[in-house]
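All remarks here apply to the structure that follows.
The values are calculated or read from the model by the stated rules, or taken from the named source; none is laboratory data. The structure displayed is predicted, hence computed values, not measured ones. FYI the Cβ positions are ideal-geometry reconstructions off the backbone, even for glycines, and counts take in every protein chain you see.
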Amino acid sequence: MPDFYGEKISSSLLLGTAQYPSPKVLAEAVKMSGAEILTVSLRRESSSGGSSGKFWELIRDLNVKVLPNTAGCHSVKEAVTTAKMARELFGTDWIKLEVIGHHDSLQPDVFGLVEAARILSEDGFKVFPYTTEDIVVGEKLLEAGCKVLMPWCAPIGSAKGPVNPDALKAYRAHFPDVPLVVDAGLGRPSHAAQVMEFGFDAVLLNTAVAKAGDPVAMVEAFSRAIAAGHLAYKAQPLEPRDMAVPSTPVIGMAVFE
Amino acid sequence: MKLIINGETQEASSATLAALLDELAYDHEFLATAYNNELVAAEDRSSCVLADGDRIEILSPMQGG
């Protein structure tokens, strides 16, 4: 089970809280998922008051840990200030650090990400960086103070699943002792099972669950797939072979001529 | 004086950030605030003195992925 900054988590499913059809469905999906960590964000509040207070009360009633994000931030300064405001608002030093480098792909600006991660780590934050599957960037993030890495497997919200599975496997092999979470791009439970079979410690889901026709049933499917993938990883699956290998013993076969 | 509050220019008369939240009828409970791009903790809002042209951000919890 994942260990994030010394805190042992019993669920390998981290769940986002955006885009659900209703707060009721969100709450039901969280309960069904068994998730212990929910991602949240912060946005400008109008003086007339919005639904933010009710949303925060709903999250608090679910009795889970929150992982605030810096979604939408495109600069180091924006991300750092947003992280500090999140720490004030949510009362946690955990931060899912996003520094977006491109409007269309929502690809991380990995240079800004490393810089922001260093600033925040030195300020006492426990940083969960949304990054690419680039091993060198991962190394730089660890040097900056991160103790968790969260590579994407495809663009945010794309539901494409692992587009570069070999790179994800190499990432796992290169960082054997670092908690790794696949963040972004998963679409189906089979995708989650696949990355868990690679040995990832957890996945972070949002759109794939929230925008499904039945989010509660979908998160149950994901939860089972994650458990199956993790069990398969622990059971050490066979590596693929190019040639056939008979599964039925050939010794003792009758010979008919 | 004119302040830029959450990206919009508004007239306000409050001397401090805490007073501004009252003037604009914000509920203080679920807010984080920034003054000219720097966090202002809740306990420091009453000593955060405002001047014409200052930029204020007032954020609250929101759904996120």
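Kindly indicate whether any position in region A:4-18 is at pLDDT 95 or above, within 13 Å of chain B (Cβ to nearest Cβ) and not in a strand (DSSP E or B).
Yes: region A:4-18 contains one or more residues that are at pLDDT 95 or above, within 13 Å of chain B (Cβ to nearest Cβ) and not in a strand (DSSP E or B).
Under 21 Å from residue A:179 (Cβ atoms) and either out of contact with any helix residue (DSSP H, G or I) (no Cβ under 7 Å at 6 or more places or on another chain) or among the β-branched types (Val, Ile, Thr) (or both) - does that describe any residue in region A:42-53?
Looking only at region A:42-53, we keep the residues that are under 21 Å from residue A:179 (Cβ atoms), and these are none.
No, because not a single residue in region A:42-53 is under 21 Å from residue A:179 (Cβ atoms) and either out of contact with any helix residue (DSSP H, G or I) (no Cβ under 7 Å at 6 or more places or on another chain) or among the β-branched types (Val, Ile, Thr) (or both).
Filter region B:8-64 down to the residues that are within 20 Å of residue A:91 (Cα to Cα) and either among the β-branched types (Val, Ile, Thr) or in contact (Cβ under 8 Å) with a residue 40 or more places away in the chain (or both), then identify the one that is surrounded by the fewest Cβ atoms within 10 Å (Cβ to Cβ).
B:58
Here is a yes/no grid of residues against (1) closer than 30 Å to residue A:231 by Cα; (2) crowded, with 17+ Cβ neighbours inside 10 Å:
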| residue | (1), (2) |
| --- | --- |
| A:17 | yes, yes |
| A:28 | yes, no |
| A:33 | yes, yes |
| A:45 | no, yes |
| A:120 | no, yes |
